[in-house]
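Below: one structure, written as structure tokens.
Every number in this text was worked out from the coordinates using simple rules, so none of it is lab data. Keep in mind the model is a prediction, meaning the values are calculated, not measured. We place every Cβ from the backbone using ideal geometry, glycine too, and count neighbours over all the protein chains shown.
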Amino acid sequence: MNKDIKLSGAEEQLQALLLSHGNKEAAAQFAANGLPTRRIEAYHYTDLKSLLREVPSALAVANDGASAKRSNFDGVARIEIVNGQLAGDFDVEGVSVATSGNTGTGDDSVVLLSEALVGDVVEIKISGELDQVLHIDRIIDGDAAINADKVSVTLEDGAKATLVETYNGSDAAHLRLATTEVVLGEGAEFSHFQLDGNSSATRHFANNRYELNADAQLSTFVQQSEPQVSRTTVSASFVGGGAHADFAGLNMLSGTQHGDITVHLRHLVADTTSTEVFKNIVNGRGKAVFQGKIDVAQPAQKTDAQMMCQGLILSERGEVLVKPELEIFADDVLCAHGATCGELDENSMFYLMSRGIPRTEAKAMLIRAFLAEVFEPVDVEAVVHVLEARVDSWLQEQEEA
Amino acid sequence: MTTPILEIKNLHVKVEEEDKEILKGVNLTLPAGEVHAIMGRNGSGKSTLSYVLAGKDGYEVTEGQILFHGEDLLEMDAHERAAAGLFLAFQYPIEIPGVATMTFLKAALNAQRKSRGEEELKIPVFMKMVKDAAAKLEIKQEMLKRPLNVGFSGGEKKRAEILQMALMQPSLCVLDETDSGLDIDALKIVSEGVNHLRSENRSMLVITHYQRLLNHIVPDRVHVFSDGRIVESGDRDLALELESKGYAGFDNHAA
């Protein structure tokens with residue numbers, strides 16, 4: 001442990017916050033490491049020491065969230081977490097909601113902060129097959145604040161559910177630390193969507209952790225398009241044979257936005273499979289990062305893990321940074337990783353324009369086509385609408401910029 | 001005398017940011033209702049001519065002009081040319097995954113209508129138009145449900161091009177090697193599709209290597225293209241002569 005690390009102003013503030021939150025141990029651990037820099041492999045393209053020069057000084061306090069922007073969908077069962085406080089209850093048979101204290105911790109400084117600053121954990125237990133889609137609106141209201149919240153979902157054996165999470169908040173420079181843990185019991189099926197409604201000044205950090213027991217089926221989708229800085233880490237452990245997961249996501253960035261999606265899959269037992277499809281679109285000086293790590297443990301024979309990341313760069317100074325890491329200790333596995341990156345295809349543009357479609361419209365068609373693969377499996381209508389509408393408005397903004 | 005649909009006058013073209021000239025003084029007048037064939041070997045500049053007509057980026061016109069219905073074609077963007085009635089049937093139609101064929105057809109037709117100040121097509125009208133035109137070209141509905149040109153065979157792609165042409169009702173059709181990649185039956189279907197569109201208000205420029213296509217689409221005039229210009233023009237017998245003598249027999253001819 002390096003005791004001599006010089007903390008930045010932001011880091012000192014975070015350390016003080018951990019202390020005032022009564023967590024000496026976490027404060028000491030944080031002080032020893034500071035925020036992750038590019039020297040830490042998992043943050044190779046996302047140096048938080050430089051990206052987080054200023055942080056809010058206080059934690060978000062209890063608030064009714066009356067003034068915050070919300071996401072509302074018809075026909076879903078909805079709860080809210082406003083500034084870390086649970087509001088409402090799922091009135092759905094087979095679902096129970098409770099809160100409990102948090103005991104989580106972590107080596108990674110962002111995980112450490114997220115866990116140490118959480119107040120109550122929102123615990124959701126699901127049994128049986130749900131007819132209704134669950135929706136959690138995670139809101140930060142009021143002045144710029146650091147907000148840590150945590151949702152822990154347990155699907156009992158054979159349970160089947162869809163959860164849509166939306167991130168919303170007031171228009172201030174929040175630091176969001178969101179944690180979502182999901183345990184899928186044997187044969188459980190879970191679809192998980194995270195939609196980005198953060199304010200543009202927000203710095204967003206989400207940690208998603210999944211555990212898949214035998215024959216569990218998981219599909220996830222993450223959207224990052226609003227905050228100045230966003231990073232979602234997705235980690236999954238396959239602990240039971242026959243488990244399968246599809247991970248998908250989108251970075252859609254412009255201006256000087258920085259969006260990082262980092263995935264870490266651990267195939268620990270035989271006969272588990274996974275796919276990853278991540279798309280990145282950058283304009284202006286937007287910077288998209290995708291890191292995909294796959295560990296295949298020695299007993300995990302017959303693992304099939306397919307990773308794909310694609311980037312579309314619309315400007316001279318946009319960047320897409322991609323890094324795969326595979327560590328395979330089993331000898332009978334199928335693991336593949338692929339990445340593509342490029343501009344809009346000139347020949348396709350010409351073809352569409354030669355049929356009378358103006359340049360702007362042709363460009364929009366090709367961008368939507370690029371996204372089609374990652375949107376196609378989304379089977380919740382409300383989510384499809386939100387995503388399509390955001391793509392439309394984003395394209396409009398790029399034209400006006 | 002009425003204005004020709006297309007007039008190309010002393011057209012010189014080079015690839016942008018390169019010095020090599022590809023078209024070296026093309027002259028061509030295409031009156032309304034006529035079908036002209038341009039024949040030439042690979043690399044003679046035929047496809048460049050079709051791209052310059054359709055408005056592809058990357059070429060620089062260094063001299064000469066192109067008039068389309070008497071208007072300066074080179075002043076128009078590619079999509080404006082299409083709306084004004086120019087259609088290029090591609091030698092290699094582009095596959096565009098993620099764009100459904102029907103979505104594309106509707107967007108293209110409506111964009112053209114919009115730029116001409118016409119109302120958008122009503123969906124049932126559009127559907128019927130496509131269905132009727134597709135049936136004539138023996139295009140199955142299943143094909144129209146696929147993404148644009150994706151997984152189409154060579155013959156299907158060419159039929160899809162002619163389908164677009166039939167729907168867009170252009171006044172000038174430029175067919176770039178439409179016969180390439182077609183078997184005899186497909187050639188017949190495509191040619192019939194093209195012939196069906198011949199009319200006194202519509203002209204066609206048929207670019208090909210082979211005489212074979214011209215047995216099906218009988219041209220009014222044949223031009224031999226060599227080294228970036230037209231070196232010989234004549235009636236359809238010229239195509240037969242070309243077939244027996246080969247292109248070498250026409251090298252170094254002055255136009």
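Brief remarks on what is shown
- Flagged links, alpha-carbon separation over 26 Å, of A:Lys160/A:Lys323; B:Lys46/B:Lys245; A:Lys363/B:Lys145; A:Lys363/B:Lys188; A:Lys323/B:Lys56; A:Lys150/A:Lys293: A:Lys160/A:Lys323; A:Lys363/B:Lys188; A:Lys323/B:Lys56
- Sorted by Cβ neighbour density within 10 Å, fewest at the top, the residues A:Val183, B:Val190: A:Val183, B:Val190
- Relative contact order of chain B, pairs being alpha-carbon contacts under 8 Å that are 6 or more residues apart, as %: 28
- Between region A:210-285 and region B:206-252, the alpha-carbon center distance in angstrom: 59
- Formal net charge of residues neighbouring B:Arg212 (Cβ-Cβ distance under 10 Å; K, R +1; D, E -1): -2
- Computed over the protein assembly as shown, the quotient of the alpha carbon radius of gyration and 2.2 N^0.38 Å is 1.19.
- Computed from Cα atoms, the angle from the helix B:123-136 axis to the main principal axis of chain B rounds to 50 degrees.
- Looking at region A:9-400, the pairs of alpha carbons with a distance over 26 Å make up 53% of the total.
- Ranking B:His79, B:Gly55, B:Leu105 by Cα position along the charge dipole of region B:29-118, where only Lys, Arg, Asp and Glu carry charges on their C-beta atoms, puts B:Leu105 farthest toward the positive end.
- For the residues of B:164-174, the average number of beta carbons from a partner chain within 10 Å of their own beta carbon is 1.
- Ranked list, fewest to most other Cβ atoms within 10 Å of each Cβ, for A:Tyr210, B:Tyr59: B:Tyr59, A:Tyr210
- GNM result for chain A, Cα springs below 10 Å: residue of A:Gly104, A:Gly292, A:Gly240 fluctuating most strongly: A:Gly104
- The aspartates and glutamates whose alpha-carbon is closer than 17 Å to the alpha-carbon of B:Lys136, local same-chain residues fewer than 8 away aside, are B:Glu156, B:Glu161, B:Asp185, B:Glu192.
- Whole-angstrom Cα spans of region B:6-250 along principal axes, big to small: 52, 39, 34
- Neighbouring partner chain Cβ atoms per residue of B:113-121, average, 10 Å criterion: 1
- Shielding by partners for peptide B:3-11, expressed as the average number of C-beta atoms from other protein chains within 10 Å of each residue's C-beta, is 0.
- Highest-first packing order for the peptide set B:120-133, B:23-36 is B:23-36, B:120-133, based on the mean count of other beta carbon atoms within 10 Å.
- If you wrap region A:1-124 in the convex hull of its Cα atoms and look at it from every side, the mean projected area works out to 10.1 nm².
- Using the Karplus relation 6.51 cos²θ - 1.76 cosθ + 1.60 with θ = phi - 60°, the per-residue 3J(HN,Hα) values for region A:90-97 come to 7, 8, 9, 5, x, 10, 10, 10 Hz, with x marking Gly and Pro.
- Shape of region A:143-283 from the C-alpha gyration tensor: prolate (a/c of 1.5 or more and a/b above b/c, with a ≥ b ≥ c the square roots of its eigenvalues).
- Choice from A:Glu80, A:Glu115, A:Glu54 showing the highest fluctuation, given a GNM over chain A with Cα pairs closer than 10 Å: A:Glu54
- For B:Tyr210, A:Tyr167, order by how many other beta-carbon atoms lie within 10 Å, fewest first: B:Tyr210, A:Tyr167
- Span from the region B:110-150 Cα centroid across to the region A:1-64 one, whole angstrom: 58
- Summed residue charge, Cβ within 15 Å of A:Tyr45's Cβ, Lys/Arg positive, Asp/Glu negative: +3
- 0 to 90° range, to nearest 10: angle between helix B:184-196 axis and chain B longest Cα axis: 90
- In region A:275-401, inverting the average of 1/r over every pair of distinct C-alpha atoms gives 16.7 Å as the Kirkwood radius.
- Angle of helix B:101-115 to the longest C-alpha principal axis of chain B, folded into 0 to 90 degrees and rounded to 10: 70°.
- Near the amide H of A:Met307, within less than 5 Å, lie the amide hydrogens of A:Glu276, A:Ala336, A:His337, A:Gly338, all on another chain or at least 5 residues away, with H placed in the peptide plane.
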